[in-house]
Amino acid sequence: MKIAGLIPAYNASKTIAGIVERIPFELLDWLIIVNDGSTDSTRHVLSEIKTPIPLILLDHPRNLGYGAAQKTLFSKALSIPECDGAVIFHADGGHYPEELSILLKPLLTGKAELVVGSRTLGILHESKPLMGSKHLGAVFLGPMPGYKFIFNKLLTMVQNLCYGT
């Protein structure tokens, strides 16, 4: 199975190189990054990145948002005839590239056709407790902005209720 790693990047100049350095490239065949109209030095940082696999850099002339960045990334991955699957990493450090083998295992062993990782589980696991609570630590000290962490947890709960998962 040939897999493309996908990264949407918006104003990620301070984090993107560190995320790319942590990717286990032996599990991927391509790395595709879209610079979603960043106004910082993300494009320059991306131009300096070297990888042991083909690196495909794409640009949106202006910020089109996360959904549009995903569409661009998936479209590019689908345009590669040999590509069988894709995995998304976030440029802000909310996903842990080191856990890619865990995420891909159900796909590679034929036990699943789709796997969705959880940003919040990893963040909770890594967070330092605040006032004795890892949840508070994740909200106030974690890599994801607190409001995103809270809404991610709430939306996941609603989704799980709706789908019985």
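On the given criteria, is L114 without any contact (Cβ under 8 Å) to a residue 40 or more places away in the chain, among the hydrophobic types (A, V, I, L, M, F, W, C) and part of a helix (DSSP H, G or I)? Steps first, answer last, please.
On the way: without any contact (Cβ under 8 Å) to a residue 40 or more places away in the chain: yes; among the hydrophobic types (A, V, I, L, M, F, W, C): yes; part of a helix (DSSP H, G or I): no.
Against the criterion (without any contact (Cβ under 8 Å) to a residue 40 or more places away in the chain, among the hydrophobic types (A, V, I, L, M, F, W, C) and part of a helix (DSSP H, G or I)), L114 does not qualify.
Can you tell me how many residues within the stretch 138-159 are open to solvent by less than 100 Å² (accessible area, probe 1.4 Å), part of a helix (DSSP H, G or I) and closer than 15 Å to L121 by Cα?
Going through the stretch 138-159, the residues open to solvent by less than 100 Å² (accessible area, probe 1.4 Å) turn out to be 138-139, 142-146, 148-150, 152-154, 156, 158.
Filter once more, keeping what is part of a helix (DSSP H, G or I): 138-139, 146, 148-150, 152-154, 156, 158.
When the remaining residues are screened for being closer than 15 Å to L121 by Cα, the result is 138-139, 146, 148-150, 152-154, 156.
Total satisfying the criteria: 10.
Return the only residue of H90, H95, H44 being modelled with pLDDT of 95 or more and of a type outside the set (V, I, T).
Numbers: H90 fails: modelled with pLDDT of 95 or more; H95 fails: modelled with pLDDT of 95 or more.
Unique residue meeting the criteria: H44.
Filter the stretch 1-21 down to residues that are in contact with a Phe, Trp or Tyr (Cβ under 9 Å, 6 or more places away or on another chain), closer than 28 Å to G110 by Cα and either open to solvent by 50 Å² or more (accessible area, probe 1.4 Å) or of a type in the set (K, R) (or both), then give me how many there are.
1
Find the residue count for the stretch 1-19, including only residues that are touching a residue at least 40 places away in the same chain (Cβ under 8 Å) and under 21 Å from G94 (Cα atoms).
Quick first cut of the stretch 1-19, residues touching a residue at least 40 places away in the same chain (Cβ under 8 Å) only: 1-10, 12, 15-16, 18-19.
Those left that are additionally under 21 Å from G94 (Cα atoms): 3-10, 12, 15-16, 18-19.
Residues flagged as touching a residue at least 40 places away in the same chain (Cβ under 8 Å) and under 21 Å from G94 (Cα atoms) within the stretch 1-19 amount to 13.
I'm told E98 meets every condition in (1) surrounded by 15 or more Cβ atoms within 10 Å (Cβ to Cβ); (2) within 27 Å of G142 (Cβ to Cβ) except one. Can you identify the failing condition by its number?
(1)
Just wondering, is there one or more residues in the stretch 75-83 that are charged (D, E, K, R), touching a helix residue (DSSP H, G or I) at 6+ places or on another chain (Cβ under 8 Å) and at negative phi? Talk me through it step by step, then tell me what you get.
Our first condition is that a residue be charged (D, E, K, R); within the stretch 75-83, this holds for 76, 82.
Pick out the ones that are also touching a helix residue (DSSP H, G or I) at 6+ places or on another chain (Cβ under 8 Å) and you get none.
No, the stretch 75-83 has no match at all.
The values are calculated or read from the model by the stated rules, or taken from the named source; none is laboratory data. Computed from a predicted structure; not experimentally measured. Using ideal geometry, Cβ is built from the backbone for each residue, glycine included, and neighbour counts are taken over all protein chains shown. Ligands, DNA and RNA are excluded from the accessible area calculation, which covers all protein heavy atoms including side chains. Shrake-Rupley method; radii C 1.70, N 1.55, O 1.52, S 1.80 Å.
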